[in-house]
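Bear in mind these aren't lab numbers, they're just calculated from the coordinates by the rules spelled out. Source: prediction; values computed, not measured. In this analysis, Cβ positions are derived from the backbone assuming ideal geometry, glycine residues included, and neighbour counts consider all displayed protein chains.
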DNA sequence: ATGAACTCTGTAGTAGCTACAGGGTCAAGG
DNA sequence: CCTTGACCCTGTAGCTACTACAGAGTTCAT
């Protein structure tokens with residue numbers, strides 16, 4: 001009951017509020033990006049507003065594709081108190097580049113696959129140009145312009 | 001010496017020819033997508049042309065983003081002898097859809113990140129709109145149009 | 001026969017969780 | 001007060017697709 005008076009919650013409630021699974025929250029604690037929260041006498045975790053905020057931060061960063069390590073270093077800036085906007089911007093721009101590379105890779109794949117698919121009749125025939133193409137080796141994919 | 005007479009190779013040579021690391025070739029054997037090759041008296045693996053072709057197939061499929069499981073089922077079609085072009089096309093089109101989804105996800109991420117970055121001065125200030133945005137929670141990302 | 005280069009098996013590590021098993025805790029109702 | 005059901009605890013193992021060893025054995029030319 002005192003739990004509600006001080007606006008604290010259990011791990012289950014935190015999980016529901018943030019959409020992060022209980023196991024994942026414990027995992028984040030284990031790897032050190034969520035703090036060890038206080039416990040009840042019985043040993044159950046007690047969370048407060050600041051935990052919710054931090055978990056939301058982590059969760060949203062993950063949704064935007066930041067790796068745990070990137071999040072760790074963002075959090076280090078936050079926790080260190082000596083955040084500068086410039087550092088955060090650097091990391092963000094670096095991350096954007098990574099994403100752009102991934103997009104380019106996937107688009108290249110898609111182009112190749114589309115081309116393969118377009119050559120395929122889709123009939124009941126056993127000769128398949130897709131399988132042919134896949135067996136032909138690497139030179140074909142190397143030639144695709146980026 | 002008889003190795004060369006029958007156009008067979010060691011795992012190292014196969015690795016060099018295909019660009020697939022030795023450990024990875026053994027791994028593919030372990031998980032059953034490469035066959036157990038014959039061995040020398042001393043127990044070293046002996047590969048022939050058909051192995052090279054199969055490994056190339058796997059390698060190229062991986063480069064195009066097929067998962068091991070997808071490759072496994074493509075290979076099942078190949079090995080079963082009862083391949084039809086249609087089945088292969090189905091799997092390929094399914095895979096293309098997956099890739100398109102991934103691209104869309106990444107583009108959504110990029111848009112959000114770009115917008116966050118554009119609001120950031122990059123100065124030595126401790127107030128950072130990026131960190132703000134990351135703490136704000138999920139509703140902000142939920143509102144982004146796909 | 002020796003030595004360099006190669007290969008063998010088996011295990012453990014990577015990222016980022018997820019899914020249990022086998023217990024303990026909490027709070028409400030009887 | 002006691003039970004009951006919902007919740008929570010720790011610890012370990014699994015997932016994908018490899019990669020990286022250690023410590024031993026093999027191959028082949030000299």
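Numbers at a glance
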item: FRET efficiency, 1/(1 + (r/R0)^6) with R0 30 Å, evaluated for residue A:7 and residue A:73 via beta carbons; result: 0.50
item: Cα gyration tensor, the range B:43-107 - rounded (a/c under 1.5), prolate or oblate; result: oblate
item: Rel. contact order, % - alpha carbon contacts under 8 angstrom, at least six apart, the range B:6-58; result: 43 percent
item: Euclidean distance of C-alpha centroids, the range A:90-118 and the range B:26-49, integer Å; result: 34 Å
item: Rounded if a/c under 1.5, otherwise prolate or oblate - the protein assembly as shown, Cα gyration tensor axes; result: prolate
item: Nearest-ten-degree value, helix B:68-80 long axis tilted from longest Cα axis of chain B; result: 30 degrees
item: Cα Rg over Rh - the range B:1-127, Kirkwood; result: 1.22
item: Spin-label zone in the range B:77-94 - amide nitrogen under 13 Å from a point set 7 Å from the Cα of residue A:125 along the C-beta vector; result: B:84-86
item: For residue A:62, label point 7 Å along C-beta direction: distances to other copies, nm; result: 2.7
item: Computed label-point distance, nm, for sites residue A:23 and residue B:82 using a 7 Å Cα→Cβ extension; result: 3.7 nm
item: Average other protein chain Cβ within 10 Å of Cβ, residues B:94-101; result: 3
item: Residue mean of other protein chain beta carbons inside 10 Å, A:58-70; result: 3
item: Gain upon complete extension [residue B:98, residue B:135; 0.36 nm per residue less C-alpha separation]; result: 10.3 nm
item: 7 Å along Cα→Cβ, label-point gaps from residue A:104 to other copies, nm, shortest first; result: 2.5
item: Helix axis angle, A:85-118 relative to chain A longest principal axis, alpha carbon, degrees; result: 30 degrees
